[in-house]
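S.K.: Let me give you the structure first, and then I'll get to my questions.
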Amino acid sequence: MDYAVLTGTILVAGVLFALIAQWRDWRPPLLVSVLVGVAVRVVLMFTAAHDSWQPVDFMESFQPAGQAVLNGQDPVLASEGGWHFLPTIPYVYGILLWLGIPWVYAGRLVTVVADIVLIPLVAKLAGGPKASLRALQYALNPLALLVACIHGQVEPVALVFGVAAFVVARGPGSPDRAGVTTQVVAKVRRGVAAYGWRASLPRIIGPGGMLHRALMPGPMDRADLRRGALAGLLMGLALCAKSWPIWLIPGMLLLLPNLRARIAALFMTGALPVFFLVTLPIFAGTSLKQIPAVIETIQDIRPIIGEWGWTPHFTGGDWALIPGLAKIGTYLIYICVVLAVLLWRRADPIDMTTAILLIFMVVTPRLGAQYLLWFMPFLIARPTRFAWPAIIGVSLWSAYGYLYMTQFDDNAWWLLHRDWSRASIVLLPILLMAMPWGRRSPAAQVLAPPVGPAEKATVTSAA
C-alpha cells in the first residue's frame, strides 16, 4: 500500500480527537460531524483509488459483479460465484459504471456514501444530549474508514439500512422502549393466574380477546403499522445487501410497539429479498432455469477458517477448509446468540443487539476484518465501560492487516498472516468485557422509604 503512512496518521489523529471529545464532553453541531466525516472519507477514498495495491475481492469479485449487470448478465453466475449475495449492490455498481465512473472510484463511492449517511443515523440511534458527540465519534471511527474507503466492502450499505430500521422502529419519544414483550407476557400470566387456563383462553384467543385486538388494527394503530412496514422495508434492504443483518431483526422487532407492527415488519423484511430474487429475469437477464443455481450459490458458504479468534490455533495461522471446526463454530454462534437474547430480553433492544453482535465475534469460526464493523454503530451509540478498548483493539488489528501487511509480497504476507491471525485471540476477552453486562434489564427503581409528617415538611421545604 502506497499511502499507508498518510492513512495511518489520519486514523490515529481521528482516534485521539474522538477520545479528547469524550474527555472534554464536546458536542459539536451534527452538521460539523458530518462535514468532518465527509472530508476524511473523501481524502482516503482518493488515495485508495490511486494506490497501486487494490483489495483482491474488490477487483476480482465486486467489479465483475457490476460489469455483469452492465452487460445484462446475472452477477452471481456471470462472476463465477464471486458474488454470494442478492444482486442489489451490483445493480448500483452497474449504474455507476454505465455513467463512466472508473471502478476504483465507483466501487468505493457506494460504501463511502453509505458510511456518511450512518453518521447522523448513529446520532439518532444514540439520542439524548450526547447524540452529536456519538456522531463525531463514528465519523472518525478508524475501522469504518478502513472498510468503507480502503477496502470498499459493502458492510456500510447493510448497516445504513439496518440502523435506519432501528431508528424508524423506535419512533419518536424515549429511546428506551425495552421490555414490551415482557409486559405482554406478564399480562397473560396474570390473567391465567386470576382466572385459570380455561377461563383465560377466550380472553386471549376468543372474539374481542387479546389476540384479536392485536391482529385487527383500529384507526389509532395504522401509524404503528406504517412504522413497522417501513422498518421492515429498510431491514429487507439491509438483507439484500448482505445476509448477516438477520442478527439485527430481533432488536428491530422489540423496538416496535405491538404485535401488528411486528408482523408488518417481518412481512416486509422477507418481501424485499424475495422481490429482488424473482425479478432477476427482468433486471439481470437470468433465466428461470438459472434461479435455483443462483439460490444455491448465495447459500453456499465455504467453511474457510483460520483468520480470526480461536480457529487459527488449529490451522497454524493459515486459511484452511475444515468443515468439522466450522460446524462447531456455527453451533456455538446459534447457542450463544440464543443465550444473549434470553439474557438481554428485558434490556434496551439496542443493547441486546450489541450483545448479539459482540458474542458472534467472540465465537465465530470465520471472519473478515470488515465483520468487526457490524457492532460499531450500536456500541458507539450506547457505549459500555470497555467500548473504547474494544474499538481501538479491533481497529489496530485490522489496520495492521490493511496498512502494514500489504507492503509485502504474497509469500511474506502469508508468513505475517500466521502471527496476525493468531494474535486476534487477545481481543476476544476485550470484546466479551465490552458487552453491556450492566444493562441486561431496565434500571431498577429505587423506592424511597415511607415519609412521615415531619420528614415530608422537610422535603417540601427543601424542594
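The values are calculated or read from the model by the stated rules, or taken from the named source; none is laboratory data. All values reported here derive from a predicted model rather than from experimental measurement. Reconstructed Cβ throughout: ideal geometry from the backbone, glycine too, with neighbour counts over all protein chains shown. To get the accessible areas, we keep the full protein, side chains included, count just its heavy atoms, and leave off ligands, DNA and RNA. Shrake-Rupley method; radii C 1.70, N 1.55, O 1.52, S 1.80 Å.
S.K.: Please name which of Trp420, Leu343, Leu373 has its Cα lying farthest along the dipole of the stretch 325-443 towards the positive end, using unit charges on Cβ (Lys, Arg +1; Asp, Glu -1) and the Cα centre as origin.
M.R.: My answer, from the dipole projection, is Leu343.
S.K.: Considering the dipole of the stretch 234-389 built from charges on the beta carbon (Lys and Arg +1, Asp and Glu -1) around the Cα centre, which of Ala261, Ile282, Tyr331 is farthest to its positive end?
M.R.: About the Cα centre, the residue reaching furthest to the positive side is Ala261.
S.K.: Take the Cα pairs of the stretch 1-105, get the Kirkwood Rh, then feed it into Stokes-Einstein at 20 °C and 1.002 mPa s and tell me D in µm²/s.
M.R.: Details: Rh = 16.2 Å.
Estimated via Stokes-Einstein, D reaches 132 µm²/s.
S.K.: Ignoring any ligand, DNA or RNA, what whole percent of the accessible area of the stretch 44-85 comes from carbon and sulfur when the probe is 1.4 angstrom?
M.R.: Numbers: 970 of 1790 Å².
Ligands and nucleic acids excluded, carbon and sulfur give 54 percent.
S.K.: In addition: Starting with the highest mean, order 423-432, 261-270 by the number of other Cβ atoms within 10 Å, averaged over the residues of each peptide.
M.R.: My ranking of the peptides, most packed first, is 261-270, 423-432.
S.K.: With the Cα gyration tensor of the stretch 6-53 in hand, convert its eigenvalues to equivalent ellipsoid semi-axes via √(5λ) and list them largest first in whole Å. Don't skip to the end; give the middle numbers.
M.R.: Details: eigenvalues 123, 38, 3 Å².
They are 25, 14, 4 Å, listed from largest to smallest.
S.K.: Below 8 Å between Cα atoms, with a sequence gap of 6+, how large is the relative contact order for the stretch 285-405 in percent?
M.R.: Working: 103 pairs, mean separation 27.2, N = 121.
Worked out over the stretch 285-405, it gives 22 percent.
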